[in-house]
Ligand code: MG
C-alpha cells in the first residue's frame, strides 16, 4: 500500500503514520499546514518523494529535509501531494475546507480517499460523492467507519435506520444553567476520546454529531429521517443499523482511532492487531440516553441545515469553526458558539444562490463569508 498523508502532524495524521508503520504501508507524500519539527521528523522517518506545506516554510525547514524529498508549498503543493505518482490511497486529515480540493483531485484521479476530514463531506458532500467511484471514499470518523462496515460498504436500504452514538462530551453532566460559564479547560477534558481541541469542543456542543449526521447522509445516501443520535457515555458502541424488521446491529470497539484508520486503509481486507481488544466483562455496563435538544441546539441546527442543503452546511461548519476558535481564545462564552453559528446561517439565507447545487467556488465562497461574518460579529461586539 502506498499512501499520501495530508494533515500529517495533526492528531489523526500522527496516528495514521503509526498505523502505516504497523501495516507495512509506504508513505510517498506528507502534507501539513505549517512547517514544524514534527513534520521534519516524519519526513526523515518516511523519506517521502514530496513534502507539502500550505504556509511557505523558512530556510531552516527547507535545508532540514532529507535528500530525495522535494518540497512543495501552498494550496497547489497540497494538490500535488494528493496526486503524487504511485500512491493508491490518500489519507485526508487536514482541517476545515482545506481538504476539499485535494479530496476531489484524488478521487478524480481514481485514488481511494481515507477521509478523516468531515468538513469536506459536510460542505461539499454532493460534489465529493459525485466524483467518487463506489467504495472509494473510506470514512475514518469512528462512527462512520463502524457504519461503513455494518453496511458492507453499501448505502442504506429503504426501511433501515442509522444510529450514531455521542459521548456527550466533557460537559455532559453539567447543569444546563452553568454552561454559560464553561471555560476552555473544562470543555477540553473529554471523557473518552483524545482528539484535537476544535473537535473536542464540538463533542461538547454536539456540533460534532451534527456534522456527522450530514456526513452520514452523504456517505450512506441516508435520508435525514433515517439518521438518529443517541448519547452513549462509554463510547464503546460506535454505530448501529436498525433493520426494517426491528433488529439492531451494533458495532463495538475500543476508543482508539488506530482501528478506524487501519480499517479505512485496508478495506475490504481485515486489519490486523492495531488497537487493544475490548474487555466487556471489565467494562460491566453500557448506557444510553436520549439527546436533550434544549441543551444541544447545535444538533437541531445541523439537521435543519442538512435538509436545507446548498451552501448552508458549509456556512454552518465554517461559522462554528471560527466561533470555536474565539471560544478557545477566551473571547466568547461557550453558549455564544451556537448563537454565532445560528446567526450566520440565518444571514446566509440572504446570499444569492443559483439554481441547482452549489459548485466548488460557491462553497468555498460561503466558507469565507461565514468566517468573516463571525469575526466581525465578535470584533464589533455584536455577540451576546
Ligand atoms: Mg466521530
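We did not get these values from a lab; they are worked out from the coordinates using the rules stated. Predicted model, so just to flag it, every value in this text is computed and none were measured. Glycine also receives a Cβ, built like all others from the backbone with ideal geometry; neighbour counts cover every protein chain displayed.
Structure above, values below:
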read-out	value
Cα gyration tensor category, rounded, prolate or oblate, for the chain with a/c compared to 1.5	rounded
Helix-only [θ]222 nm of the chain, DSSP H runs n ≥ 4, -39500 (n - 2.57) each, per residue, nearest 500	-13500 deg cm²/dmol
FRET efficiency estimate (nearest 0.05) - Cβ-Cβ, residue 59 to residue 154, R0 56 angstrom	0.65
Label-point separation in nm, residue 47 to residue 329, each point 7 Å along Cα→Cβ	4.3
Beta bridges by DSSP in the range 1-135, antiparallel share as percent, to the nearest 5	0
Antiparallel content of DSSP bridges confined to the chain, in %, to 5	25
Order of 79, 3, 252 under a 10 Å beta carbon neighbour criterion, fewest first	252, 79, 3
The range 356-372 versus the range 149-174: alpha-carbon centroid distance in Å	28
The range 1-142: Cα Rg divided by the 2.2 N^0.38 Å rule of thumb	0.95
Rounded, prolate or oblate (a/c below 1.5 giving rounded, otherwise prolate when a/b exceeds b/c) for the range 62-182 by Cα gyration tensor	oblate
Range of Cα positions in the range 316-356 per principal axis (Å), largest first	40, 13, 10
Separation in nanometres of the label points that stand 7 Å from Cα toward Cβ, at residue 36 and residue 221	3.9
Compactness of the range 1-77, expressed as Rg and Dmax over alpha-carbon positions, Å	11.3, 34
Cα gyration tensor shape of the range 90-153, rounded if a/c is under 1.5, else prolate or oblate by comparing a/b with b/c	oblate
Per-pair calculated FRET efficiency, R0 = 22 Å: residue 75 and residue 372 via Cβ, rounded to 0.05	0.70
Burial ranking of peptide ranges 267-277, 84-94 (average Cβ count within 10 Å, highest at the top)	84-94, 267-277
Length released on extending from residue 186 to residue 288, taking residue separation times 0.36 nm less the Cα-Cα span	34.4 nm
